[in-house]
Amino acid sequence: MNQWAMDFGIRIRRVDLVFGISYQDDIATTKAVLNEILTSDARILKDPPPVIAVSALADSSVNLIVRPWVNVDDYWPVYWDITEAVKLRFDQKQITIPHPQRVVRTLPGKAAEIGEACQQATLAACWVSLQSLLNAAENPGPADK
């Protein structure tokens, strides 16, 4: 047991995990899968009960918090094992852990310029070209107005 926990007589600790799922995935199904994972691990304490809840509607995902309680010595093994179990079960149940997404809009008359710049450059150079074109569109000079 760690010294801090011993000094204050604390013998249990909450594991704080966050998992993002796609907006197309079913929240109830996902919560059921997460609950199955927690109830199948004997190291998870029944009292206080674990919490599974939607915590945020983020840019690219619906985020769920998973907060089981464990004995202090089990904290890191549970953290790692639950994280791995979630990934494996999400794969089995076809629950998507989404990648960040951005929508890029093309300014009228600039599509050809952007396409040409990006076809002939690395991703970094393409990004620089896009930024300069967007900056020019947002801050037009006297000739562009």
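Every number in this text was worked out from the coordinates using simple rules, so none of it is lab data. Just so we're clear, the structure is a prediction, and the values are computed from it rather than from any experiment. Neighbour counts are summed over all protein chains in view; Cβ atoms, including those assigned to glycine, are modelled from backbone coordinates with ideal geometry.
Details
- Net charge of neighbours whose Cβ lies under 10 Å from the Cβ of residue 66, counting Lys and Arg as +1 and Asp and Glu as -1: +1
- Label sites at residue 93 and residue 81, each approximated as a point 7 angstrom past Cα along Cα to Cβ, lie 1.9 nm apart.
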